[in-house]
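Below: the structure, in structure tokens.
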Amino acid sequence: RTRLRLFYSGYCKRVLWPLFHSRPPTTRDVVARARQPPIQGQFCPFYKGDDDESADTRQLWQAYVSVNRAYADVVHDVAEEGDLIWIQDYHFMLLPQMLRALDTDAKLGFFLHVPFPSSELYRMLPYREEILHGLLAADLLGFQTYDYARHFLSSCEIILGIETSPDRIEHDGHQTRVCVCPVGIEPEAVRTRAKQTSTTVAIQRLESQLSGRTLVLGVDTLDPTKGLVHKFLAIEELFN
């Protein structure tokens, strides 16, 4: 349980998530850490000093590696020859390389659901080289937008010193294709659901309950990167 907490709430959410959403550590973060002594169970996401890593960061990283290794072992045990293994999101960026080491002929795809930061931001990440090597073991890397793919290619060039082309990378005798394939919806499935009787009944019930009133609806996760404060300010401005 501790390992999973360090993996998910630690390296994934305190290190990768903020940086990949262009939220690097600020001066305020540094000052706050300097004023407070370390507390058991609380971890500093970025390195301290010139050694490029802290004990806290190493502990989070070790948990990240450990969980990726556990997934690699399980996937390798159940995968059959010819299977396409499709890896999802920033939680498992080491998984392609680990699976490649277990099976050199594995067919590996990886899709990143979150942004990939610019190379200037990405180079701040502890263990940045290891993550790039982990991703480059995939046969295909998918990104949401052209900018995210370009940021990844630029990071490979600047941090690893390897040449890239707009849609592929040759590295260590392996070719990795890079594509832009944004996540969308299945219009037909949505259209079919919208025409169902249960949907019509629900709409009529809401219209009856809200008759004569105006409803402002927001669907958000409670995350600092989602701009909820700005949304509330915008609604306030609208009401004014």
Would you compute, for the Cα atoms of the stretch 138-187, the largest minus smallest coordinate along each principal axis and list the three values in descending order, in whole Å?
42, 20, 13
Given Cβ point charges of +1 (Lys, Arg) and -1 (Asp, Glu) and nothing else, what value in debye, to the nearest 20, does the dipole of the chain about its Cα centre take?
1260 debye
What is the spread of the Cα atoms of the chain along each of their three principal axes, largest first, in whole Å?
64, 55, 38
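Can you tell me what percent of all Cα-Cα pairs in the stretch 101-155 are more than 18 Å apart?
Considering the stretch 101-155, 33 percent of its Cα-Cα pairs are separated by more than 18 Å.
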Name the residue farthest towards the positive end of the dipole of the stretch 139-205 from the options PRO166, VAL178, GLN204, assuming +1 on Cβ of Lys and Arg, -1 on Cβ of Asp and Glu, about the Cα centre.
GLN204
VAL180-THR225 FRET efficiency (beta carbon distance; Förster radius 25 Å; 0.05 resolution):
0.70
At a Förster radius of 25 Å, what calculated FRET efficiency corresponds to the Cβ-Cβ distance of GLU237 and LEU215, to the nearest 0.05?
0.85
Could you work out which residue, out of PRO187, PRO25, PRO117, moves most in a Gaussian network model of the chain, that is, has the largest mean-square fluctuation with Cα springs under 10 Å?
PRO187
Accessible area per residue in Å² at 1.4 Å probe, computed on the chain
64 Å²
Taking the alpha-carbon distance from LYS231 and a cut-off under 20 Å, which aspartates and glutamates remain once sequence neighbours fewer than 8 residues away in the same chain are dropped?
ASP220, ASP223
Any aspartates and glutamates whose Cα falls less than 20 Å from that of LYS226, other than same-chain ones fewer than 8 residues away, would be ASP29, ASP89, ASP147, GLU236, GLU237
Dmax and Rg, reported as Rg then Dmax, of the stretch 54-127 (C-alpha, Å)
14.0, 42
Which is farthest toward the positive dipole end of the chain among MET98, SER22, TRP86, measuring Cα position about the Cα centre, with Cβ charges +1 (Lys, Arg) and -1 (Asp, Glu)?
SER22
Top of LYS226, LYS195, LYS13 by mean-square fluctuation, Gaussian network on the chain, Cα under 10 Å:
LYS195
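So how do HIS151, HIS230 rank on accessible area, 1.4 Å probe, biggest first, that is with the largest at the start?
Final ranking, largest accessible area leading: HIS230, HIS151.
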Loop only by DSSP, 11 or fewer other Cβ within 10 Å of the Cβ. Give me the chymotrypsin sites (Phe, Trp or Tyr not before Pro) in the stretch 119-169 that pass, ordered by residue number.
none
Could you sort ILE169, ILE85, ILE158 by accessible area so the largest value comes first, with the probe set to 1.4 Å?
ILE158, ILE85, ILE169
In whole percent, the fraction of accessible protein surface over the stretch 111-240 that belongs to carbon or sulfur atoms, probe radius 1.4 Å, stands at 56 percent
Amide H contacts of ILE87 (H built 1.01 Å from N, under 5 Å, at least 5 apart or other chain):
GLY109, PHE110, PHE111
So what does VAL190 come to for accessible area, using a 1.4 Å probe and Å² rounded to 10?
80 Å²
Heavy atoms of SER208: accessible area, 1.4 Å probe, square angstrom to 10:
90 Å²
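Can you give the charge dipole size of the stretch 111-236 about its Cα centre, rounded to the nearest 20 debye, using +1 on the beta carbon of Lys and Arg and -1 on the beta carbon of Asp and Glu?
Dipole about the Cα centre, nearest 20: 800 debye.
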When only alpha-carbon atoms are used, what values of Rg and Dmax, in angstrom, describe the stretch 82-217?
21.2, 67
Rounded to the nearest 500, the 222 nm mean residue ellipticity computed for the chain from DSSP H runs (n ≥ 4, each -39500 (n - 2.57)) alone is -12500 deg cm²/dmol
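The values are calculated or read from the model by the stated rules, or taken from the named source; none is laboratory data. Quantities reported herein were computed from a predicted structural model and do not represent experimental measurements. Reconstructed Cβ throughout: ideal geometry from the backbone, glycine too, with neighbour counts over all protein chains shown. Surface accessibility is based on the protein's heavy atoms, side chains included, excluding ligands, DNA and RNA. Shrake-Rupley method; radii C 1.70, N 1.55, O 1.52, S 1.80 Å.
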